[in-house]
Every structure is written in C-alpha cells, then in structure tokens.
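These notes concern the structure reproduced below.
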Number of protein chains: 2
Amino acid sequence: MHLVDVRIEKDLYEANDALAAENADRLRAHGVLGIDLLGAIGSGKTALIERLAPLLVERGLRAGAIAGDVYGDDDYRRIAALGIPAVNVNTGKECHLDAHLVDHGLDDLPLDEIDVLFIENVGNMVCPTDFALGAARRMVVVSSTEGDDVVNKHPMIFRSSSIGVINKVDLADLVGADLDRMERDMRRYNPEIRVFRTNLKTGEGVGPLLDAVLG
Amino acid sequence: MHLVDVRIEKDLYEANDALAAENADRLRAHGVLGIDLLGAIGSGKTALIERLAPLLVERGLRAGAIAGDVYGDDDYRRIAALGIPAVNVNTGKECHLDAHLVDHGLDDLPLDEIDVLFIENVGNMVCPTDFALGAARRMVVVSSTEGDDVVNKHPMIFRSSSIGVINKVDLADLVGADLDRMERDMRRYNPEIRVFRTNLKTGEGVGPLLDAVLG
C-alpha cells in the first residue's frame, strides 16, 4: 500500500510538471509574465493584487488574474471590481491549485490583453508548494498577525519563492510580532529571496515590490 | 489513473478512520477528553491552550497537549512552558495530523495524568477536515485578521466542528472585519455550531468557551 502510494504521488507530480511546462510555454507565447501568488488565508494576496494592478497601469502594463479558492468567489469579486480580466477557479476540496486547473483558467482569459498574470493560489502555506503552475516566479505573502513564527514553521514555501512579502507591518506591535525575526527566517531558508515589508491598507512598501515582481 | 487515485484515497480514509476509532477507545479507557483543535496559522490555537489550561486547573482538571506542525517546535515550546504534559508531532510535509501520528503521540503521554487533551492540528483550514483523530469533538478557531470572508471560503471545516471561536475581536475594527458576518457564515454552514468570540491576548470570552469544551 505504501509503495503504491509513493508511485501514484510521483506520477501525479510528473503529470503536473509536464502540464505546468505547457502553461509556461503558452504564457510566454502570449508575452504574459505569470506570478504564482502564495500565502495563508487573509495574509493579503488579494489586497496585493488590488494595489499592484493600478501601479502596472501607470507603467503601461495590463494585469490579469486567476483567483483560486477552495470554495466561493469572495476574492474573484474583489479582483473583478478592479476592471481587469479575471477568472474564478474553485478547487472544490483540494488545498492548492494545480497546472490542470490553471490550464483551464487560461482558456477563459484574453491572454493577448494581459502583461502580468497573478495566479492567486488557495490560502495555504503547505499544499501549494509542490505544484508548479507554469508561472515565471513565485511570491509568498505572510502577515504579522499570523505570528512571527509563521516563517519558521514553513520552510518549503520560502525555499521555492523568489519574493517574500511581510504584510500588516502596522499591526506588528499590537500583536507582538518581531518583523526582523520573520525576515531573518526567510533568508535562513532561502538566502536568495528578496524581502519586502508592506502595509497593503495604505499601499506602503508596494512600489519597490513592484520592481521585483517585474524582475 | 483517476480511478486508481480514488481507490487509494478511499483505502487511506478507511485505514485512518479505523485507527481513529482505536485512539478514541484508548482515550476513553484513560478517562481523557480529546479535543481536535483546528484553524489557520496564527488564528490563536496555541494561545487558546495557554488560556484554557490554567482555567482547567481551577476546576481540578489536568490538561495535556499534542502540538502538531509541519516543522519546528514553536508551538510545543509554548505549551511545554505551561508545565502540562505535551508532545511535539511534526508532519514533515503533510498539512494535517492523522490518526497514526496521534497514536504515536499518545504513546509518549502520561494519559492517566490528563483529563483534557488538546490535539492542536497543523495550521490549515482545508487539509485536516477529512482526517478523524479519535477526539471527542472538534473546535475551530478563526481570527478577525484573516478577513471576514474566511468562514465562507471553508465550508467543510465548520460543518465538522461543534465549537467555533472568533478570535482577535479587538482587531476587527482595525482590519475592517465584520464579526457578525463570520458568525452568520458559521451558523449557515452548521446550524448546530456553538460560536464564541474571544480576545486571547486578554482572556476575554474564554470562560463561557471552557464550558462548551467540557460539554
């Protein structure tokens, strides 16, 4: 039973990786920069899209989004209100997007009218890690209110992300979170990660972050 | 491939349920009330144990805990500092505890010296739902800082919990969270759920919650 499990898991990841490579080709062919946006529930993933989309317009770039959630369309409705192309993808029960779901999401987007596509994953610090989607890079958002041990508890997600965002910096003192510890833990797990501190309620810190998103 | 997947999944749940029933028997035999404690990262699961353990002592009851995390011992160290019997269980990569991990955790606990055992699951609103552990009841903690749409996004976890805690009520205005919406969503998904509002920084609201925990 255990051996069968492992075999199935390997097949699953291989199939996902192959489809992710196809998604990557497709995005490239349409000149779309895909960003896999990760983080816990309520960390600020949707708020980050709300902040970045208008800044992209200022630079003559057009945003689009895939809103991934287990259930419902709360995030999708916020993103659609920005007036950018967006699709809602419900996983039903799974705690992460996979390349197959993103493939279907891409079918429903006008890719030639999008320069930067945010693929907002399910709010989860564990499950999405092993599932490549075809995005050019990964960005992970944590917030001070999750506790300053949140990074230490989740090595894998930081190892696979090139941008780390520490959000809700304004609430750090109130909840007793040590932002320096969070940043230190990110760099310990991934010395290459670029770290940014934001307050997405006000937009503080978003400008420098945009440069990193565009690479 | 898909059919094989489904078959494996069914076997997995059946094996877990059988082991969970054994855990339940074992807890009952030692007179231990097991509580499966669920919620997102940083929602306040560990803080709730920190608040409830001393209140249990006042009632002549002894607490114990299993601290589940993907990685590290941040929660375990906080719980051990309470002076109650506790074990740390790392899942390595899995986003939830299962009955097998809890079985091993029970091996390392002095069950005859524990009246109420908190089984703190991995911080996750999705994965733990389908895995029974052998606890007598489930309690799920959400916090205002996760956004007031956090309940709507996760129907399953509320359907399987008999107690719902809305924590960080003091930050609700600051983050613009509608606590009434959160409570409404909980009752919509589970009309039987008992809902409590807490501020675990001060202990506000914990007394009435304890009565529900002890049932």
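The values are calculated or read from the model by the stated rules, or taken from the named source; none is laboratory data. In this text, all values refer to a predicted model and were calculated from it rather than measured experimentally. Cβ placement follows ideal geometry from the backbone for every residue including glycine, while neighbour counts extend to all protein chains displayed.
Which of the residues that make up region A:197-214 are touching a helix residue (DSSP H, G or I) at 6+ places or on another chain (Cβ under 9 Å) and part of a helix (DSSP H, G or I)? Scanning region A:197-214 gives A:V206, A:G207, A:L209, A:L210, A:V213, A:L214. A single member of A:L109, A:L101 is out of contact with any helix residue (DSSP H, G or I) (no Cβ under 7 Å at 6 or more places or on another chain) and within 26 Å of B:G123 (Cα to Cα), and it is A:L101.
Looking at region B:115-125, which of the residues that are facing chain A (nearest Cβ under 10 Å) and part of a loop (DSSP other than H, G, I, E, B) is nearest to B:L19 (Cα to Cα)? Across region B:115-125, the extreme among qualifying residues is B:V122. Taking the criterion of being more than 21 Å from B:H30 (Cα to Cα) and part of a helix (DSSP H, G or I), the residues of region B:70-114 that qualify are B:D74, B:D75, B:Y76, B:R77, B:R78, B:I79, B:A80. Within region B:5-21, can one find any residue that is more than 14 Å from every other protein chain (Cβ to nearest Cβ) and either more than 30 Å from B:N152 (Cα to Cα) or surrounded by fewer than 14 Cβ atoms within 10 Å (Cβ to Cβ) (or both)? The answer is yes, given that some residue of region B:5-21 is more than 14 Å from every other protein chain (Cβ to nearest Cβ) and either more than 30 Å from B:N152 (Cα to Cα) or surrounded by fewer than 14 Cβ atoms within 10 Å (Cβ to Cβ) (or both). Looking across region A:177-203, the residues that are closer than 26 Å to A:G34 by Cβ and either more than 19 Å from the chain's Cα centre (by Cα) or basic (K, R) (or both) come down to A:R187, A:P191, A:R194, A:R197. Taken over region B:136-147, residues that are assigned to a loop (DSSP other than H, G, I, E, B) and buried (at least 24 other Cβ atoms within 10 Å of the Cβ) amount to 1. Being buried (at least 24 other Cβ atoms within 10 Å of the Cβ) and more than 10 Å from every other protein chain (Cβ to nearest Cβ) holds for only one residue in B:L55, B:L48, and it is B:L48. Taking the listed residues A:D178, A:D170, the one that is surrounded by fewer than 23 Cβ atoms within 10 Å (Cβ to Cβ) and more than 9 Å from chain B (Cβ to nearest Cβ) is A:D178, with no other qualifying. Scanning region A:150-167 for residues that are under 17 Å from the mean Cα position of the chain (by Cα) and within 12 Å of chain B (Cβ to nearest Cβ) turns up A:V150, A:V151, A:H154, A:P155, A:M156, A:I157, A:F158, A:R159, A:N167. Of all residues in region A:43-64, none are in contact with a strand residue (DSSP E or B) (Cβ under 8 Å, 6 or more places away or on another chain), assigned to a strand (DSSP E or B) and among the β-branched types (V, I, T). Being closer than 23 Å to A:I166 by Cα and either under 15 Å from the mean Cα position of the chain (by Cα) or acidic (D, E) (or both) is a condition met by no residue of region A:13-22.
Beta carbons closer than 7 Å, at least 6 apart along the sequence or on distinct chains, pair a first residue in region A:72-97 that is among the aromatic types (F, W, Y) with a second that is buried (at least 21 other Cβ atoms within 10 Å of the Cβ) for A:Y76/A:A67; A:Y76/A:A86. Of all the residues in region B:158-196, those that are polar (S, T, N, Q), touching a residue at least 60 places away in the same chain (Cβ under 8 Å) and part of a loop (DSSP other than H, G, I, E, B) number 1. Taking the criterion of being closer than 21 Å to B:L56 by Cβ and either of a type outside the set (K, R) or within 12 Å of chain A (Cβ to nearest Cβ) (or both), the residues of region B:191-208 that qualify are B:F196, B:T198, B:N199, B:L200, B:K201, B:T202, B:G203, B:E204, B:G205, B:V206, B:G207, B:P208.
Name the residue that is surrounded by the most Cβ atoms within 10 Å (Cβ to Cβ), counting only residues in region B:117-130 that are touching a helix residue (DSSP H, G or I) at 6+ places or on another chain (Cβ under 6 Å) and modelled with pLDDT under 95. If we take residues in region B:117-130 being touching a helix residue (DSSP H, G or I) at 6+ places or on another chain (Cβ under 6 Å) and modelled with pLDDT under 95, then B:M125 is surrounded by the most Cβ atoms within 10 Å (Cβ to Cβ). Screening the candidates A:R188, A:R184 for the property of being closer than 18 Å to B:D69 by Cβ and more than 11 Å from chain B (Cβ to nearest Cβ) yields one hit, A:R188.
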